[in-house]
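Visitor: Quick one: structure below, then a few questions.
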Ligand SMILES: CNc1ncnc2c1ncn2[C@@H]1O[C@H](/C=C/CNC(=O)c2cc(-c3ccc(F)cc3)cc(O)c2O)[C@@H](O)[C@H]1O
Ligand SMILES: [Mg+2]
């Protein structure tokens, strides 16, 4: 039931996941999207790679581009150390409204700031609006042709410092060829590919982890 896929995912979370238990929200969405209807969450396999990077970096300030239903926001927030913040951007109001409820159900709303609007407008305002100097970790999972322009914009706005890490989903499927060429070819990045599969399928996909060298 529910008219859109995200609404059906939210309904499943409310029906099956334990309120306040982020892991059960993540597992519920994975079960639903693997067995009922596919959705473009980073998923369990690539999610484990993302988890390991979040645990390694222990970011105080993290940015996610493309919230969708809030699956990765919940996954990330559940691993953040105390007084760390995930800022996640979503410009579709329907998806943002769903994501807010998924994030609240998981009990991680005190670690997540959901900004409703386009990344292109908000990236230049981040420092002033949030008293930020830079992001320790950025997860790119929005429109694939926006990965590169938004990365350049973050560089220009001084939101990346030596050691800031970019983690990009879907660099193979659907693919982000211009972004890959940039981070792999630029002397300002140290890039590494983590081979995996498209969420809930056996199709090859992967995550690119790129360290900004300043
Ligand atoms: C451009 N600036 C932006 N600022 C804020 N939010 C933005 C945004 N761009 C897009 N968004 C939002 O991010 C989300 C978009 C994500 C785009 N992701 C994909 O297209 C995607 C697509 C696939 C996919 C793979 C294979 C296939 F056959 C079909 C789909 C798999 C994935 O893991 C994906 O992430 C939406 O919620 C959208 O509203
Ligand atoms: Mg994705």
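Visitor: What FRET efficiency comes out for residue 83 versus residue 194 if R0 is 30 angstrom and r is the Cβ-Cβ distance? Round to the nearest 0.05.
Guide: The computed FRET efficiency comes out at 0.55.
Visitor: For residue 4 and residue 129, what is the calculated FRET efficiency with R₀ set at 35 Å and r taken between the beta-carbons, to the nearest 0.05?
Guide: 0.75
Visitor: Mind checking the full-extension length gain between residue 145 and residue 97? Use 0.36 nm per residue of separation minus the Cα-Cα distance, one decimal, nm. Please list the in-between numbers first.
Guide: On the way: separation 48, 0.36 × 48 = 17.28 nm, distance 2.43 nm.
Between residue 145 and residue 97, full extension yields 14.8 nm more.
Visitor: I need the fraction of alpha carbon pairs in region 26-86 separated by more than 18 Å, rounded to a whole percent.
Guide: Distances greater than 18 Å cover 34 percent of the Cα pairs.
Visitor: To the nearest whole percent, what portion of all C-alpha pairs in region 90-190 is separated by more than 17 angstrom?
Guide: The proportion of pairs with Cα distances above 17 Å equals 59 percent.
Visitor: Now, a different point. Assuming R0 = 35 Å, what is the FRET efficiency of residue 110 and residue 181, from their Cβ-Cβ distance, to the nearest 0.05?
Guide: 0.35
Visitor: Right, next: What do you get for the angle between helix 43-57 and the principal long axis of the chain? Use alpha-carbon atoms, 0 to 90 degrees, nearest ten.
Guide: Relative to the chain, helix 43-57 is tipped by roughly 50 degrees.
Visitor: Then there's this: Provide, in order from the shortest bin, the percent of all Cα-Cα pairs of the chain in each 10 Å bin, continuing until the bin that contains the maximum pair distance.
Guide: 9, 37, 39, 14, 1, 0
Visitor: When ranked by the protection proxy of mean other Cβ atoms within 10 Å per residue, highest first, what sequence do the peptides 84-92, 128-136 form?
Guide: In decreasing order of mean packing, 84-92, 128-136 become 84-92, 128-136.
Visitor: Same structure, new question: From a point 7 Å beyond the Cα of residue 36 in the direction of its Cβ, which residues of region 1-26 have a backbone N at a distance under 15 Å?
Guide: From region 1-26, the list is 1-18, 25-26.
Visitor: Helix 147-156 versus the longest principal axis of the chain: what angle, 0 to 90°, nearest 10, using Cα atoms?
Guide: 50
Visitor: Just grab the label-to-label distance for residue 15 and residue 173, each label 7 Å out from Cα along the Cβ direction, in nm (one decimal).
Guide: Going by the 7 Å Cα→Cβ label model, 2.8 nm.
Each value in this text was obtained by applying a stated rule to the coordinates, not by laboratory testing. All of these numbers come straight from a predicted model, not from anything done at the bench. FYI the Cβ positions are ideal-geometry reconstructions off the backbone, even for glycines, and counts take in every protein chain you see.
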